[in-house]
Amino acid sequence: MSDLASRYSEAWQRINSAATACGRSSDEITLVVITKNHPAQLVLDLIALGARDFGENRDQEAAPKAFEVSQTSSEVIKWHYVGQLQSNKARSALSYSSVLHSLDRDSLLESLTKLTANREMPLDVFIQLNLTDDPGRGGIQPANLSAFAEKALAVEGLKVLGVMGVASLDREPEFDFETIANCSAELQRQAPRARFISAGMSGDFETAISFGATHLRIGTAITGNRVL
Ligand SMILES: *Cc1c(COP(=O)(O)O)cnc(C)c1O
């Protein structure tokens, strides 16, 4: 087995054990492999291993990669956009992405409202939380979540899937995952279908699973270190 194949299968084994340990089923968990800093060939290799959900955080890198993959593979895959998205890159990002994990501010919501106005299918979005005290970081402060969600839920071209967060490296991840879970519960009182949670990365995905994460964004644990 290649290194990539063994890391991919080990990730799934760890996901299965973590889910079982807290009485969940891994059927309800989507593994989004973050392929930033890696070439299209790595995506193709992962498709051959069965992966179908891929994530990127920079449009300049993702757009040509998504195009190259689409020219080479006929598998139906989903691109997830997980990075901070500049409004002037939103049109490009939406041309290949099916899910945006980083709806993090009013100005982006306004751009998306225009860009999704005539879509046949709404765009799936997660509202990104800011779990730090630094307002300069992307994301909605938990205290502002319900007001922001109300605006996002009113946009016809968007389907709010739930909340997304990145745990701070400065403290135990449990602290942030609990905040994310509480925010998710609050959002579900407003919008019962918005029950999904995008949380958990290479260093903390098992903990995220125990706090209800449904969409894991795992990069280096599967892809190895950056090569681009
Ligand atoms: C890069 C990235 C990840 C994956 O990080 P790893 O530590 O490599 O698993 C997840 N989420 C976001 C938003 C990222 O930018």
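The values are calculated or read from the model by the stated rules, or taken from the named source; none is laboratory data. Just so we're clear, the structure is a prediction, and the values are computed from it rather than from any experiment. Here the Cβ is made from the backbone with ideal geometry for all residues, glycine too, and neighbour counts use every protein chain on show. Accessible surface areas use protein heavy atoms only, side chains included; no ligands, DNA or RNA. Shrake-Rupley method; radii C 1.70, N 1.55, O 1.52, S 1.80 Å.
Elements of the type helices (runs of 4 or more DSSP H) sitting completely within the stretch 65-157 and holding at least 1 residues that are under 15 Å from the mean Cα position of the chain (by Cα), acidic (D, E) and surrounded by fewer than 18 Cβ atoms within 10 Å (Cβ to Cβ): there are none.
M1 passes every criterion in (1) modelled with pLDDT of 95 or more; (2) more than 24 Å from D204 (Cα to Cα) apart from (1). If we scan the stretch 50-64, do we find a residue that is open to solvent by less than 70 Å² (accessible area, probe 1.4 Å), of a type outside the set (S, T, Y) and over 19 Å from the mean Cα position of the chain (by Cα)? No, that holds for no residue.
State all residues of the stretch 179-223 that are more than 13 Å from the ligand (Cβ to nearest atom), small (G, A, S) and in contact (Cβ under 8 Å) with a residue 12 or more places away in the chain; if no residue qualifies, say none. Scanning the stretch 179-223 gives A181, S184, A191, A194, S210, G212.
Conditions tested, residue by residue: (1) more than 16 Å from the ligand (Cβ to nearest atom); (2) out of contact with any Phe, Trp or Tyr (no Cβ under 7 Å at 6 or more places or on another chain); (3) farther than 21 Å from L153 by Cα.
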{"site": "Q71", "(1), (2), (3)": "yes, yes, yes"}
{"site": "L85", "(1), (2), (3)": "no, yes, no"}
{"site": "L100", "(1), (2), (3)": "no, no, no"}
{"site": "D104", "(1), (2), (3)": "no, yes, no"}
{"site": "P122", "(1), (2), (3)": "yes, yes, no"}
{"site": "I127", "(1), (2), (3)": "no, no, no"}
{"site": "D133", "(1), (2), (3)": "yes, yes, yes"}
{"site": "G138", "(1), (2), (3)": "no, yes, no"}
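Among the residues that make up the stretch 206-223, is at least one of them farther than 15 Å from A18 by Cα and either open to solvent by 20 Å² or more (accessible area, probe 1.4 Å) or at pLDDT below 95 (or both)? Taking every residue of the stretch 206-223 in turn, at least one turns out to be farther than 15 Å from A18 by Cα and either open to solvent by 20 Å² or more (accessible area, probe 1.4 Å) or at pLDDT below 95 (or both). Sort out which residues of the stretch 5-42 are farther than 30 Å from V227 by Cα and of a type outside the set (G, A, S), and write them in order of number. Of everything in the stretch 5-42, those that are farther than 30 Å from V227 by Cα and of a type outside the set (G, A, S) turn out to be T20, C22, R24, D27, E28. When only residues in the stretch 178-193 that are small (G, A, S) and surrounded by fewer than 22 Cβ atoms within 10 Å (Cβ to Cβ) count, which is nearest to G165 (Cα to Cα)? So, considering only residues that are small (G, A, S) and surrounded by fewer than 22 Cβ atoms within 10 Å (Cβ to Cβ), the one nearest to G165 (Cα to Cα) is A181. For the stretch 194-204, a residue qualifies if it is among the charged types (D, E, K, R) and surrounded by fewer than 19 Cβ atoms within 10 Å (Cβ to Cβ), and exactly one does: R195. Do we have any residue at all in the stretch 56-76 that's within 18 Å of S97 (Cβ to Cβ) and in contact with a His (Cβ under 6 Å, 6 or more places away or on another chain)? No, the conditions are met nowhere in the stretch 56-76. Residues of the stretch 1-49 that are open to solvent by less than 50 Å² (accessible area, probe 1.4 Å), of a type in the set (S, T, N, Q) and in a helix (DSSP H, G or I): S6, S9, S26.
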